[in-house]
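*Asks:* Handing you this structure, nothing more for now.
The values are calculated or read from the model by the stated rules, or taken from the named source; none is laboratory data. A quick note: this is a predicted structure, and the numbers were derived from the prediction, not measured. For neighbour counting, all protein chains shown are included, and Cβ atoms are generated from backbone atoms with ideal geometry for every residue, glycine included. Note: accessible area is taken over every heavy atom of the protein model, side chains too, but ligands, DNA and RNA are not part of it. Shrake-Rupley method; radii C 1.70, N 1.55, O 1.52, S 1.80 Å.
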Amino acid sequence: MLPIAGLALTLAAVTLLRVAGTTARGWAWAVGRTLLTVPYAAVFTVAVPLGLAVVSAVGGKLDSLTSCAFGAGAGAAVLWTAPGVSAPRRQLERMFLPVARRPRAVAAAVVGLGVLCLLVGVGAMTLTPSFSPTYGLQRTLESSMDRLQHAVNGV
């Protein structure tokens, strides 16, 4: 729904989790490792909308902004799951381990996260992605993806 905000929050969360799992001297290394993952994520952020444009050549139709939002989602997923990225996951495991030992806390977490996932899923299916506050970028992405889809369909 908010690809730019989602990418920024994901980058901040991954960086903070890496820094939290290190010593006082290791924060620079943690930030550096996150920055090394960003170009890898950028490749997927660009490749997914291009792949979806190619799919439109065989009859698929996807809104330009939606395909760009899928690309942003792929980039965010890569920040969490790229090869060699295990520090944020390990830090999350350490944070939630005390919760996992209490059944009622697990049940409350499941209900809370389930409701949140339901709301996000409904919002993602019904709302148009918004690249705010960068509306110029939104118009540029939309027109570029529309031109690419028309070019691919014309071939």
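*Asks:* Going through the stretch 92-116 one residue at a time, which ones are farther than 25 Å from R18 by Cβ and hydrophobic (A, V, I, L, M, F, W, C)?
*Replies:* Of everything in the stretch 92-116, those that are farther than 25 Å from R18 by Cβ and hydrophobic (A, V, I, L, M, F, W, C) turn out to be A105, V106, A107, A108, V110, V111, V115.
*Asks:* Going by the conditions given, is S67 of a type in the set (S, T, Y) and open to solvent by 30 Å² or more (accessible area, probe 1.4 Å)?
*Replies:* Criteria not met by S67.
*Asks:* Based on this model, can you work out whether A77 counts as at pLDDT 80 or above, within 20 Å of V38 (Cα to Cα) and assigned to a helix (DSSP H, G or I)?
*Replies:* yes
*Asks:* Looking only at the stretch 99-132, which residues are more than 27 Å from P3 (Cβ to Cβ), in a helix (DSSP H, G or I) and open to solvent by 70 Å² or more (accessible area, probe 1.4 Å)?
*Replies:* Across the stretch 99-132, the qualifying residues are P103, R104, V110, V111.
*Asks:* So, T15, is that one touching a Leu at 6+ places or on another chain (Cβ under 7 Å) and open to solvent by less than 50 Å² (accessible area, probe 1.4 Å) or not?
*Replies:* So T15 fails the test.
*Asks:* Write out, first by first residue and then by second, each pair whose Cβ atoms fall under 7 Å of each other, whose residues are 6+ apart or on separate chains, and whose first residue, in the stretch 6-17, is over 11 Å from A76 (Cβ atoms) and part of a helix (DSSP H, G or I) while the second is open to solvent by 50 Å² or more (accessible area, probe 1.4 Å) and not polar (S, T, N, Q).
*Replies:* L17/L92
*Asks:* Let me ask you something else. Go through the stretch 53-62 and report how many residues are assigned to a helix (DSSP H, G or I) and either touching an Asp or Glu at 6+ places or on another chain (Cβ under 8 Å) or open to solvent by 50 Å² or more (accessible area, probe 1.4 Å) (or both).
*Replies:* Final tally of qualifying residues: 4.
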